[in-house]
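Below you'll find the structure, written out as structure tokens, and then a few comments.
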Amino acid sequence: MAEKILGIIGGGQLGSMLCMAAKKLDVKTIIYCDDSDAPAQNFCDEFIFGNYDNKDKIIDFTNKINVVTYEFENIPYLTLNEINKIKPVLPKPSINRIIQHRLAEKDFINKLNIRTTRYVLVEKKSDLDTLEDFLPGILKTTTMGYDGKGQYPIKKISDLQTLNIDFSKGYILEKLVRLKKEISVIITRFNTNKYEIYEPIENTHENQILKYSKIPAEISNDIFNQSKEWAINIAEELKYIGTLCVEFFIDRNDNLYVNEIAPRVHNSGHLTINAYNVSQFENHIRAVCSLEKIPTKKLSNAKMVNLIGNEIEPYRLNNKLSQNQFFFDYLKKEIKDKRKMGHITTLI
Ligand code: ADP
Ligand code: MG
């Protein structure tokens, strides 16, 4: 068979890590991205710069590849759907459409009888007058949010006076969960209805951005099993192909909630590169390119720390890492506040 050519939409660090995994499997990668500085161009075989609604460029890209995947969920559904008429897009565009909209996503999860936070659609400012019951809460844009962007914590209705919120955008209000812990479960589902699943990962956020991940998560057996079961239910119901991440909240009474689903590889799974025989990235490539499924085994416990903003600088200057530590520099052109610049995984 001729060599596989995988198209990847999006050129951030997740795209880079997908390219590195593809290289190992002799899969060629072509990245399409709307950022001419995209860091993944350092890792792919070919890079195409263009907007996600540029039909001609998208068609050129589609003609060059065998199958398309994406590294972030906020790609216009129409674009994915157009590509899918010519070459397979995996995971399916219809899945992305559900998950990129917080309301549709939460409705879908609840239909499976899986618990989420309490939430309600907010279409205009006056809707909030009757929603005392959901406070304290977090107002979130229904689309395009990531790393806490587009989120407003609200303790009381009068907090809205000080916030300048554009209600034409579409929001949901979510009741605040009194968090004990956050975990995530990463699963890769293959075409044959089979899957590989990683053990739950414990995550710590700072300012709504992931800061630390570790395995094993310090959780009860019940939560260990329940979180994996729910991740499997979600992947099966979606007939998902590829790697998917489910983010969970655990409250102070040990209730488990699904927070959100990421229809892609996930930051909390970076530690799978060093801690498992097959990483979340390699499993994703194997699944979307119909390659062999290899039993995924943990080699070591691990912890990962994200290097945010200028935290990366000392690590760029020296390599004072021990043998069990792995430093990744995403090679982003510019250091910015709150920007994920790199990470370090330590095997423990
Ligand atoms: P994003 O799409 O930006 O990742 P999330 O909904 O996952 O948005 O929110 C980011 C983080 O903010 C969560 O991981 C959690 O730490 C905190 N958070 C969000 N919603 C809630 C909530 N309803 N209750 C408690 N904490 C929350
Ligand atoms: Mg999140």
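We did not get these values from a lab; they are worked out from the coordinates using the rules stated. These figures come from a predicted structure and were not determined experimentally. Please note: Cβ atoms are built from the backbone with ideal geometry, for glycine as well, and neighbour counts cover all protein chains shown.
By the rule of a C-alpha distance below 12 Å, with chain neighbours fewer than 8 residues away ignored, no aspartates and glutamates are paired with Lys320.
Springs between Cα atoms under 10 Å define the GNM used for the chain, and in it the highest mean-square fluctuation of Lys293, Lys55, Lys228 occurs at Lys55.
Between rounded, prolate and oblate, where does the range 244-334 land on the alpha carbon gyration tensor, with a ≥ b ≥ c its root eigenvalues, rounded for a/c under 1.5, else prolate if a/b exceeds b/c? Oblate.
In this structure, the residue pairs whose Cα-Cα separation is over 20 Å, taken from Lys57/Lys87; Lys124/Lys169; Lys111/Lys181, are Lys111/Lys181. On full extension, the segment bounded by Ile165 and Lys194 gains 6.0 nm, given 0.36 nm per residue less the C-alpha separation.
In terms of the mean number of neighbouring beta-carbon atoms within 10 Å, the peptides 85-92, 181-188 order highest first as 181-188, 85-92.
For Lys24, the aspartates and glutamates whose Cα comes closer than 18 Å to its Cα, not counting residues fewer than 8 places off in the same chain, are Glu3, Asp45, Glu46, Glu282, Glu292. Here r is the Cβ-Cβ distance between Glu313 and Leu135 and R0 is 35 Å; the resulting FRET efficiency, rounded to 0.05, is 0.30. Counting 0.36 nm for each residue step from Asn253 to Glu123 and taking away their Cα separation leaves a gain of 43.6 nm.
Taken about its Cα centre, the range 179-347 carries a charge dipole of about 520 debye when Lys and Arg each add +1 at the Cβ and Asp and Glu each add -1 at the Cβ. Peptide packing: for 22-29, 304-311, 198-205, the average count of neighbouring Cβ atoms within 10 Å per residue gives the ranking 198-205, 304-311, 22-29, highest mean first. Once you reduce the range 207-273 and the range 1-37 to the center of their Cα atoms, the two points are 25 Å from each other. Rounded if a/c is under 1.5, else prolate if a/b beats b/c, else oblate: with a ≥ b ≥ c from the C-alpha gyration tensor eigenvalues square-rooted, which is the range 7-148? In terms of gyration-tensor shape, prolate.
Diffusion of the chain by Stokes-Einstein, at 4 °C in a medium of 1.567 mPa s and with Rh set to the Kirkwood radius over alpha-carbon pairs, works out to 62 µm²/s. Taking 0.36 nm per residue of separation and subtracting the Cα-Cα distance, full extension of the segment from Ser322 to Asn301 would add 6.0 nm. The Arg339 and Asn84 beta-carbon pair, evaluated with R₀ = 41 Å, returns a calculated FRET efficiency of approximately 0.85. In the structure shown, the pairs Lys55/Lys194; Lys92/Lys194; Lys149/Lys332; Lys4/Lys303; Lys175/Lys340 are assessed against 26 Å; a Cα-Cα span above that value is assigned to Lys55/Lys194; Lys4/Lys303; Lys175/Lys340. The helix-only estimate of mean residue ellipticity at 222 nm for the chain, built from DSSP H runs of length n ≥ 4 each weighted as -39500 (n - 2.57), is -7000 deg cm²/dmol after division by the residue total.
Between Lys57 and Lys23, the FRET efficiency from the beta-carbon distance, with R0 = 22 Å, is close to 0.35. Taking a point 7 Å out from the Cα of Asn113 in the direction of its Cβ, the residues of the range 227-271 whose backbone N falls within less than 17 Å of it are 227-238, 256-258.
For the range 118-175, rounded, prolate or oblate, judged on the Cα gyration tensor with a ≥ b ≥ c (square roots of eigenvalues), a/c < 1.5 rounded, else prolate if a/b > b/c? Rounded, because the longest to shortest axis ratio a/c is under 1.5. The residue among Leu347, Asn51, Ile186 whose Cα reaches farthest toward the positive pole of the charge dipole of the chain, with charges on the beta-carbon of Lys, Arg, Asp and Glu, is Leu347.
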